[in-house]
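Here is the structure we will look at, set down as structure tokens.
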């Protein structure tokens, strides 16, 4: 091994190992936030991220060990570190284009598991190479730090401890500090910058500041300039707000007649405010049938689990103005947006907490409980189980109604809606559901005492608004009674991510069938012409 003066100081080698550990975990957490706006932040996506990163690290360990034995030149290792740092810095600048490019190519060739395959390929392209390079750090440094077999155990143990402590720091800092404070893009740049500095110090200390250093510096600076953006929906030009929170990517979009909140750039609307204060034409309107079933001209208590920016809360207060509306929303930034862009009434008290955890500690009883707690496009498993719905029932008054938003039309054996419906049927005496017209949502109503359709049909005290009454007639005429078929979700077994992804595949297939036909007939040029691109 060529002797390098800085390598005589084992503290520097331990720092290299430490910051390699920091960077690996920071990239892993950054990867989840980079992919979430496009593929969701479900357990499935996390599994893909962790799996691909572990594959990269394992291959890096193997290659790094063989390389260090064959060519024990530390210049090779620190060049790898520089390259890895530049690659990580490039991710914010080019990552979103790569993700959408991969998705665009796969969507015409993959018929099933599109999101899973697209997320996996995106991970492989974006993250495997730099983490493969970082995987070579530990075996290479062991080669440089072990002076004798007598102290090999101590040295290797210290090295692994540095890597582990760095990984711990790299886990907590992005989640609780850098991503909420400065966003995903700058988080990538910060941690790649530290890694880049480690490599530069090595070459500068040895007075070997050559072409490699110059080229990587130029590239790093360029990527740092062009990658400092938190825009995931870069094709949008009418966004009022785009940012990230601890839990979500957040996008507020201004349209001609409404303002909407989305937590995923490709799927769904989480909240909406109509500028003329009319009904939204979405599932929120159908969910108003729940208070209509209960209302007797007296004040009602309404609880919303997953308040968002208060669409449903505002509607309840408009059509049932003497109601007491309370919301639970885990994401504080979303609640802040409610006042700034969505005019949520100040009388709505919102608690920042997980819906189920809050319900376990709550003591009040409610006339209506809306369950609408989606994490972007997936259902939190803890709010889909029989135990959870039993907890909801305990917090309903004797004639209270639970309404659950299921954000996908799905039927047939083994569908997610069948699982949710069957589970709720084991808890409530009467369960009915209605599909939202012109939408992919389905609203489910559950109660005791009387069937929901019968209760709505016999409602004698309703707002005078003609549009509201017409909608209630539509809901009443479309409500279908549900009977359980034995597909039960429990706290122990609730595969909602798998079921949900299966349904999303179906939705994607329906949406792109038209474009697939054009592609098969006229190729890419036909699609461009359909979009008006000549």
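Bear in mind these aren't lab numbers, they're just calculated from the coordinates by the rules spelled out. Every value quoted in this text rests on a predicted model; they were computed, and no experiment measured them. Neighbour counts are summed over all protein chains in view; Cβ atoms, including those assigned to glycine, are modelled from backbone coordinates with ideal geometry.
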Cβ-based exposure ranking for 176, 445, in which fewest neighbours within 10 Å come first: 176, 445
Length released on extending from residue 481 to residue 55, taking residue separation times 0.36 nm less the Cα-Cα span: 148.5 nm
Cα-projected label distance for residue 474 with residue 177, points at 7 Å along beta-carbon direction, nm: 5.2 nm
Simple spin-label estimate for residue 70 and residue 458 in nanometres, 7 Å along Cα-Cβ: 8.2 nm
Fully extended contour minus Cα-Cα distance, from residue 467 to residue 154, at 0.36 nm per residue: 105.1 nm
Net length gained if the chain between residue 340 and residue 215 were fully extended (0.36 nm per residue, minus Cα distance): 40.4 nm
DSSP bridge pairs, the chain: antiparallel proportion in percent, nearest 5: 60 percent
Overall form of segment 277-494 per C-alpha gyration tensor (a/c, 1.5; a/b vs b/c): rounded
Cα gyration tensor shape of segment 330-370, rounded if a/c is under 1.5, else prolate or oblate by comparing a/b with b/c: oblate
Value of [θ]222 nm, deg cm²/dmol, for the chain, DSSP H segments ≥ 4, -39500 (n - 2.57) each, nearest 500: -18500 deg cm²/dmol
Helix 43-70 axis, angle to the chain major axis (alpha carbon atoms, nearest 10°): 10 degrees
Computed label-point distance, nm, for sites residue 257 and residue 228 using a 7 Å Cα→Cβ extension: 4.2 nm
Rounded tilt (10° steps) of 179-205 against the dominant C-alpha axis of the chain: 0 degrees
Segment 119-188 versus segment 312-355: alpha-carbon centroid distance in Å: 42 Å
Prolate/oblate/rounded call for the chain, Cα gyration tensor, a/c under 1.5 rounded: prolate
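Under 8 Å for C-alpha pairs, at least 6 residues apart: give me the relative contact order for the chain, rounded to a whole percent.
This gives 14 percent for the chain.
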Residue exposure sequence - 474, 311 - by fewest surrounding Cβ within 10 Å: 474, 311
Nearest-ten-degree value, helix 74-106 long axis tilted from longest Cα axis of the chain: 30 degrees
Segment 5-226: relative contact order as a whole-number percent, Cα under 8 Å and 6+ apart: 42 percent
Taking 456, 62, 279, 34 and counting other C-beta atoms within 10 Å, the order from fewest to most: 62, 279, 456, 34
Relative contact order of segment 277-494, pairs being alpha-carbon contacts under 8 Å that are 6 or more residues apart, as %: 23 percent
